[in-house]
Amino acid sequence: MTIGSEVKQCLASLKGIEANLFSLAIRNPDDEAKRVLRETKVIVNGVVADIQKRVVEMEVEETQYKGF
């Protein structure tokens, strides 16, 4: 597995985690737990955005990573 595909796999995993946090926040009856889950989702969302930027940079700078 190349670095590019590993980074993209990591990104996909983080997006799944983000979706799970959102789902848990919606279904959880405890307001404090909802707040913590939503805050955590926001943090993960920032990481996802950073990695997405890096994927674009990798694809532009290193053409062998494009399309993986």
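The values are calculated or read from the model by the stated rules, or taken from the named source; none is laboratory data. Small disclaimer: the values here were computed from a predicted structure and weren't measured. With ideal geometry, Cβ positions are generated from the backbone for all residues, glycine too; neighbour counts draw on all protein chains shown. Side chains included, ligands, DNA and RNA excluded: accessible areas come from the protein's heavy atoms. Shrake-Rupley method; radii C 1.70, N 1.55, O 1.52, S 1.80 Å.
Applying the set (1) modelled with pLDDT of 95 or more; (2) of a type in the set (Ser, Thr, Tyr); (3) open to solvent by 80 Å² or more (accessible area, probe 1.4 Å) to residue 63 leaves exactly one unmet item: (1).
Taking the range 41-62 as the range and being hydrophobic (A, V, I, L, M, F, W, C) and under 14 Å from residue 16 (Cβ atoms) as the test, the residues that pass are 44, 47, 48, 51.
Kindly establish whether residue 18 is part of a helix (DSSP H, G or I) and surrounded by 15 or more Cβ atoms within 10 Å (Cβ to Cβ).
yes
Are any residues in the range 4-15 at pLDDT 95 or above and either open to solvent by less than 40 Å² (accessible area, probe 1.4 Å) or not in a helix (DSSP H, G or I) (or both), and if so, which ones? 11, 14, listed by residue number.
Scoring residue 26 on the criteria (1) among the β-branched types (Val, Ile, Thr); (2) open to solvent by less than 50 Å² (accessible area, probe 1.4 Å); (3) farther than 29 Å from residue 2 by Cβ leaves a single failure, condition (2). May I ask you to verify whether residue 36 is free of Cβ contacts under 8 Å to residues at least 12 places away in the same chain, part of a helix (DSSP H, G or I) and loosely packed, with under 11 Cβ neighbours inside 10 Å? Taking the combined requirement at face value, the residue does not satisfy it. Annotation for the range 45-64: at least one member residue is under 16 Å from residue 2 (Cα atoms) and of a type in the set (S, T, N, Q).
Table: residues versus (1) under 10 Å from the mean Cα position of the chain (by Cα); (2) in contact (Cβ under 8 Å) with a residue 12 or more places away in the chain.
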position: 7; (1), (2): no, yes
position: 10; (1), (2): yes, yes
position: 14; (1), (2): yes, yes
position: 18; (1), (2): yes, yes
position: 29; (1), (2): no, no
position: 40; (1), (2): no, yes
position: 46; (1), (2): yes, no
position: 52; (1), (2): yes, yes
